[in-house]
Each structure stands twice: as C-alpha cells, then as structure tokens.
Amino acid sequence: MAQDFDRKVAMVTGAATGIGAATARLLAERGAKVGLVGLQEDLLAGVAEELNGAADGSAIAVPTDVADPTQVEAAVTRIVDEFGGLHHAVNNAAVPGQEADLHEIDVADWARTIGINLSGAFYGMRYQIPHMLAAGGGSIVNIASVNATKPLTQHGAYTASKHGIVGISQSAQLDYVTRNIRINVVSPGVTDTPMVGSGGDLADVMKSIVPWGRMATPTEVGEAVVWALSDQASYLVGQQIIVDGGFVLR
C-alpha cells in the first residue's frame with residue numbers, strides 16, 4: 001500500500017536544505033500540504049516554489065527561528081490557518097554547535113545549540129499537539145542523531161541536545177499514546193547535508209568509518225521519516241529509528 005497523505009497537513013522545520021527539504025518533497029509528492037519552517041528565507045522560498053510548481057498550493061514558506069517560542073507558535077498558527085489543520089510534524093531544525101572540549105564551550109553557543117536543537121523540538125510539539133488533538137490524532141517525528149547513541153567528541157552541546165530529543169519524545173509519547181498521537185525519533189548517521197559539510201576534519205573522519213562505505217542521502221533519511229509518519233507505521237510508538245549505514249555497529 002502506497003503512503004497516502006492526501007488531505008493531510010504537515011509542518012517541517014529546518015526545511016530549507018538537507019533532510020528537512022527532502023522530507024518536505026516526499027510529503028508533498030504523496031499528497032500533503034506542507035508548511036516549510038526555517039531561518040534561511042531565500043532557500044525556504046525556493047523549496048516552496050519548487051513544491052508548488054509540482055503540486056499547486058502544496059507548500060508555504062514560514063521563516064521562523066525555532067529557538068523562539070513566540071515565533072514557533074505563530075508559525076503553527078499560520079500553517080493551520082492556511083491549510084485548515086495539522087496532522088503531521090517533523091521537528092528537524094538543528095545546528096552542530098561549537099567544536100571544543102567541554103570546558104572551552106562558549107556559554108552562549110551552548111545556549112543557542114540547546115535552544116535550536118532541543119528547545120526547538122519542545123516548542124514545536126508544544127504548539128503542534130493541540131491542533132493534532134483537535135484533528136483526532138496525528139504523528140510526529142523528531143530528528144535526533146546517531147550521537148544520541150554514540151557520543152561525539154568535542155560536541156558536548158550537540159550530543160546532549162540529541163540525547164534530549166530521544167528523552168523528550170519518549171516521555172511525550174507516554175502522555176499522548178492513548179490520544180491517537182504517535183511520537184517517534186529518526187536518528188540519522190552521516191548524511192550528505194550542508195551541516196555535515198561544515199563539520200571539518202571530524203566530519204571527514206566520521207564519513208570514513210561508516211561500514212556501508214558512504215554517507216546517506218537526505219532522501220534516504222527522509223523516506224524513513226515519512227514512513228514513520230504514515231499510517232503504514234501505525235504500531236510504531238515512541239521508538240528511535242537509526243538510519244546510519246551501520247555507524248553505531250562499529
């Protein structure tokens with residue numbers, strides 16, 4: 001059975017590039033109306049234009065700093081007002097944070113990394129879930145990382161934020177499991193995205209030790225996300241799906 005998102009509305013954060021953009025494309029191809037959320041306004045608008053050219057009216061760009069709860073609430077409201085509801089969400093927006101030993105991490109960088117990566121997912125769910133409850137249910141996928149399982153050296157804030165994504169997702173799942181909302185986590189391994197490209201020597205090392213022998217494409221990760229959102233995964237509840245080419249098996 002093909003995944004069918006016809007007449008469904010989805011919100012994707014970090015949707016300007018990488019996994020977020022790939023996931024938004026897949027959702028739109030399968031019938032969803034998609035709210036594209038992120039900070040890179042020009043790139044976000046380009047993705048929206050692309051999706052609307054392929055499926056008229058399938059996407060809107062909503063420039064948003066997910067570390068600001070007021071902006072997140074406004075973004076959710078705009079998507080709901082535009083498309084009439086909200087059924088699916090992908091909280092994907094993230095930054096890598098500073099590469100440094102823990103005692104050398106800048107306090108402001110710590111706060112921004114946690115603010116975007118972890119608090120951003122909390123703010124997303126905080127304002128997405130009421131609309132899903134109103135719709136009779138929904139599904140959420142929060143994007144963590146293999147580093148929620150295998151700690152990443154010199155990335156204390158990033159690693160902590162991704163551990164937090166798994167914890168908050170599973171805790172929230174227990175809150176809503178009887179109310180027809182599924183909340184799962186997809187943890188990508190080394191994926192060919194701008195964030196990995198900006199990772200310097202450490203990113204090159206990580207790529208070199210993936211057992212599968214290559215990085216994932218954003219679309220490969222997006223397929224896992226879309227499956228977890230879909231009715232095909234109707235018994236997938238509070239789980240972490242690791243999509244990593246065998247990285248954590250090393």
**Prompt:** Considering only 156, 215, 10, whose Cα is most displaced toward the positive end of the charge dipole of segment 9-242, charges sitting on Cβ of Lys, Arg (+1) and Asp, Glu (-1)?
**Reply:** 10
**Asked** In nm, what is the difference between 0.36 nm times the number of residues separating residue 50 and residue 209 and their Cα-Cα distance?
**Response** 53.7 nm
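Please give the calculated 222 nm ellipticity per residue for the chain, where each DSSP H segment of at least 4 residues contributes -39500 (n - 2.57) and the sum is spread over every residue; nearest 500 deg cm²/dmol? Could you put the intermediate results ahead of the total?
Details: 9 runs with 111 residues, N = 250.
Result for the chain: -14000 deg cm²/dmol, rounded to the nearest 500.
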**Request:** Starting from the amide H of residue 243, placed 1.01 Å from N in the peptide plane, find each other amide H under 5 Å away whose residue is 5 or more places distant or on another chain.
**Result:** 187, 189
**Request:** Collect residues whose amide H, placed 1.01 Å from N in the peptide plane, falls under 5 Å from the amide H of residue 138; neighbours closer than 5 in sequence don't count.
**Result:** 181, 182
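Could you compute the net charge surrounding residue 97? Neighbours are other residues with a C-beta less than 14 Å from the C-beta of residue 97; K and R count +1, D and E count -1. Write down the numbers at each step before the final one.
Numbers: positive: 112, 162; negative: 99, 101, 104, 106, 109.
Net local charge, residue 97 excluded: -3.
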**Fill in**
Straight-line reach check, residue 162, cutoff 16 Å on alpha carbons, 8 or more apart in-chain or any other chain, hits among aspartates and glutamates -> 99, 109, 244
**Asked** Listed highest first by mean packing, meaning other Cβ atoms within 10 Å per residue, what order do 16-25, 62-71 come in?
**Response** 16-25, 62-71
**Request:** Starting from the Cα of residue 33, draw a straight line to each of the aspartates and glutamates and keep only those under 18 Å, dropping any in the same chain fewer than 8 residues away.
**Result:** 4, 6, 49, 50, 56, 81, 82, 223, 231
**Item:** Charge tally in the Cβ shell below 12 Å around residue 152, where Lys, Arg are +1 and Asp, Glu are -1, residue 152 excluded
**Value:** +1
**Residue among 31, 53, 138 with the largest mean-square fluctuation in a Gaussian network model of the chain, springs linking Cα atoms under 10 Å** = 53
**Prompt:** By the scheme Lys and Arg +1, Asp and Glu -1, what is the net charge of all other residues having a beta-carbon under 12 Å from that of residue 216?
**Reply:** -2
**Asked** Taking the highest mean first, how do the peptides 223-232, 173-182 order by number of other beta carbon atoms within 10 angstrom per residue?
**Response** 223-232, 173-182
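Bear in mind these aren't lab numbers, they're just calculated from the coordinates by the rules spelled out. Note that the structure is predicted; figures quoted are calculated from it, not measured. Heads up, the Cβs are rebuilt from the backbone with ideal geometry, glycines too, and the neighbour counts pull from every protein chain shown.
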